[in-house]
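Heads up: the structure comes next, in structure tokens.
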Amino acid sequence: MLSEYNKYLEYISDELCLEGVSLKELAEELGTPLYVYSASYIRDRLRAYRQAFPEALICYAVKANFNPHIIALAKEGGAGADIVSGGELYASLRVGIEPSKIVYAGVGKTLKELEYAINSDILMFNVESFMELDVLDYIAGKLGKKVRVAIRVNPDVDPKTHPYISTGMKKSKFGVDIKTARKEYDYARKLKNLRVVGIHCHIGSQILDVSPYIEAAQKVVELYYELLKDGFEIEYLDLGGGLGIKYKPEQSNPEPSDLAEAILPVVKGVKAKLILEPGRSVVGNGGILLTQVQFLKDKGHKHFVIVDAGMNDLVRPAMYEAYHHIVPVERKERSYIKTDVVGPICETGDFLALDREIPAVEKGEYLAVLSAGAYGFAMASHYNLRPRACEVLVDKGSYRVIREREDYEYILR
């Protein structure tokens, strides 16, 4: 049932609606491809995190969806921001997120980005290497600042997800080995322009089983107590994000309460403030990509539904072989076909679904690609000189455009 993805998604008079707004009417008025997000869904997810972790700082992972209106919803829900670039810092500050609620991770922060974040006085940098410590210390000294840092550690926990979004393993480019992390902490303590305040880890993304979080939290808490013995004052324990969502009909949608039940007993007794960085689990099933059928193609041994949304709009299927559930916007009696749903891009990898059984559709009809609120528009490109999609936010029966559709002149200017 569609309500298992998003309780605000339903067929009304045989037209698919989000928060009571007809998706067919939106597509006809604004064109396709079209991203549509549910404000009520996003508010609900943020509320669920606050209720599950009342003492924690929730930092919305801006990478999941950087539209300023989405970040503003996170701010209204009491969240700070987890950022990985200067652009994400700019967007977060622009909507009014307090610098004291912003944490900054990423292996390749540039000098310009580091200086920008230091001058903005963010809560802390989640540092990924010895060299980054040196660079931060140098810039902070030049600016006459004292910078708060945490070391990002790899607990070497298998998050049971796609290897491309598994970030906490020993072989990962991210962070430092938790077994040797005390060396980085000792080194950081000797740098006069840095103040060590936290521990950070992030084991991966789209995690549906909360048990890896337990193992990761146990290892981080063990390091926490070792550092206390070494004389460090650890104020923040940042356990990252990564909680998954329902993409396939047979999958469940893990709740923040499930995560709380798993990790709160592990961190009980820890005096440091807990930080969490949810992104996908806040916005993922709050978004839909609407696309229109352009052509039907039957090659005898293979059937294709060719739509106007391609891998430049939603790259996850091509990049991760990710599943996105696809349904017609209009409900009626239909036969089922086994088909590839493909886009207009000049790549064989340009697909939204392969060998998928879906209701038979006709040219001109609209399809809804579900679970597209996270890592959809955020990963879009101009490949094949295609303008990026329009974005719309629906809210309790009304809607507003939150990003205009691009045109050719915008891309080329």
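Cβ-to-Cβ counts within 10 Å put HIS69, HIS301, HIS202 in ascending order as HIS301, HIS69, HIS202, the fewest first. The alpha carbon centroids of segment 176-190 and segment 342-407 are separated by 44 Å. Our compactness index for the chain, the C-alpha radius of gyration over the empirical 2.2 N^0.38 Å, is 1.03. Annotation for segment 182-264: chymotrypsin sites (Phe, Trp or Tyr not before Pro) lying in DSSP loop with at most 15 further Cβ atoms inside 10 Å of their Cβ do not exist.
Of interest is the spacing of the C-alpha centroids, which for segment 65-84 and segment 290-335 amounts to 30 Å. When peptides 290-300, 336-346 are sorted by average Cβ neighbour count within 10 Å, with the highest value leading, the order is 336-346, 290-300. Hydrodynamic estimate: the Kirkwood radius of segment 105-278 over Cα pairs, inserted into Stokes-Einstein at 20 °C and 1.002 mPa s, corresponds to D of 129 µm²/s.
Taking the Cβ of GLU365 as the centre, find all other residues whose Cβ is under 11 Å away and add up their charges (Lys, Arg: +1; Asp, Glu: -1). Computed value for this residue: +2.
FYI, it's all coordinate maths here, none of it is from the lab. Please read all numbers here as calculations on a predicted model, not as lab measurements. Ideal geometry is used to build each Cβ from the backbone, glycine not excepted, and the neighbour counts take in all protein chains shown.
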